[in-house]
C-alpha cells in the first residue's frame, strides 16, 4: 500500500500525521472526552495538510467572488496561490499543493479534520479517484453565515484518509432483529445491566463507582462477560511523510 504525494512546486503545504488532541476536548477539567475512544481514533486516522500562512475570510453574504475577501498577515502573493473563491457563494477553495496517487481501486477521502468544529464555516467533503487522476484536487469550505473566519498558520485546512472503492460496493447491509443472534443478545444484556447498575451507583455517590468514574470495557477491548477483541487499538500512529 502506498500514497504518493507529489509536490507541484518546490514549496508546498506541510503534510503531517493527524493528531488525536482537540482544544475543546482539552478544555474539560478532567479531559473526559478522551475517554471516548471512537473520537480519538477518528481524529488520528489520516493525515492533516496544514495552512502555510494565516488566512482571514470575510464574507458579506453575497453570491459573487467580490463578496468574499481573503486576507493575511503573511505574503499576499502566497495567499493568492493558496486560496481563492472558485465556487463563489461564500465557498473558499484551498489548494493542497500536491498531486496524490494511490494504488488501483483506492481513492483519497478529503474533508476537514474530524471533530474539529469551526464556527461560521463548514468543510465540504470530497472523494477523489487518485488511482488515475493526473491533476490535483482542492479542499473547499463553505461559510455558513456572513462574517469572519480565521485559519491560523499550522492549522489543518484539509484531512485526508484512504478508501477502497470496489470493496465498499460489495457490502450489502442486512437489518436483523437482535433476537436472531442469541449470543449477541447475552453480551448486549450483560452490557445493558452493567451500565444501568453503574450509572445508578454513580448517581447515588457509591464509593467504588465514584472512584472509577467511568466503565472501561471499550477502551480495554473487552466485553462485560470477559471476552476480548483481536486487533483492538487505543492509538493510531500514522506514518510521517518522507521526502524522496
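Within region 150-176, being over 24 Å from residue 44 (Cβ atoms) and assigned to a loop (DSSP other than H, G, I, E, B) holds for 170, 171, 172, 173, 174, 175, 176.
A single entry from 117, 104 fulfils the requirement of being under 17 Å from residue 151 (Cβ atoms), touching a residue at least 12 places away in the same chain (Cβ under 8 Å), in a loop (DSSP other than H, G, I, E, B) and out of contact with any strand residue (DSSP E or B) (no Cβ under 7 Å at 6 or more places or on another chain): 117. Tell me yes or no: at least one residue of region 41-49 is touching a helix residue (DSSP H, G or I) at 6+ places or on another chain (Cβ under 6 Å) and either surrounded by 13 or more Cβ atoms within 10 Å (Cβ to Cβ) or modelled with pLDDT under 95 (or both). No, every residue in region 41-49 fails to be touching a helix residue (DSSP H, G or I) at 6+ places or on another chain (Cβ under 6 Å) and either surrounded by 13 or more Cβ atoms within 10 Å (Cβ to Cβ) or modelled with pLDDT under 95 (or both). Can you find even one residue in region 49-67 that is without any contact (Cβ under 8 Å) to a residue 60 or more places away in the chain, touching a strand residue (DSSP E or B) at 6+ places or on another chain (Cβ under 9 Å) and not in a helix (DSSP H, G or I)? So far as region 49-67 goes, yes, one or more of its residues are without any contact (Cβ under 8 Å) to a residue 60 or more places away in the chain, touching a strand residue (DSSP E or B) at 6+ places or on another chain (Cβ under 9 Å) and not in a helix (DSSP H, G or I). Total residues in region 120-149 satisfying the condition of being within 23 Å of residue 18 (Cα to Cα), surrounded by fewer than 15 Cβ atoms within 10 Å (Cβ to Cβ) and in contact (Cβ under 8 Å) with a residue 60 or more places away in the chain: the figure is 0.
Taking region 82-93, which residues are touching a strand residue (DSSP E or B) at 6+ places or on another chain (Cβ under 7 Å) and either surrounded by fewer than 20 Cβ atoms within 10 Å (Cβ to Cβ) or in a loop (DSSP other than H, G, I, E, B) (or both)?
Residues satisfying the conditions are 84, 85, 86, 87, 90, 91, 93.
Contact map, region 23-47: first residue on the phi > 0 side of the Ramachandran plot, second residue not in a loop (DSSP other than H, G, I, E, B), Cβ cut-off under 7 Å, separation 6 or more or different chains; pairs are 31/25; 46/159; 46/160; 46/161. Of the numbered criteria (1) at pLDDT 90 or above; (2) farther than 30 Å from residue 18 by Cα, the one residue 160 fails is (2). Residue selection: residue 38 satisfies the criterion of being assigned by TED's automatic domain parsing to the domain that holds residue 125, surrounded by fewer than 16 Cβ atoms within 10 Å (Cβ to Cβ), modelled with pLDDT under 95 and within 19 Å of the chain's Cα centre (by Cα).
The values are calculated or read from the model by the stated rules, or taken from the named source; none is laboratory data. Predicted model only: the values in this text are computed from it and were never measured. Virtual Cβ from ideal backbone geometry, glycine too; neighbours counted across all protein chains shown.
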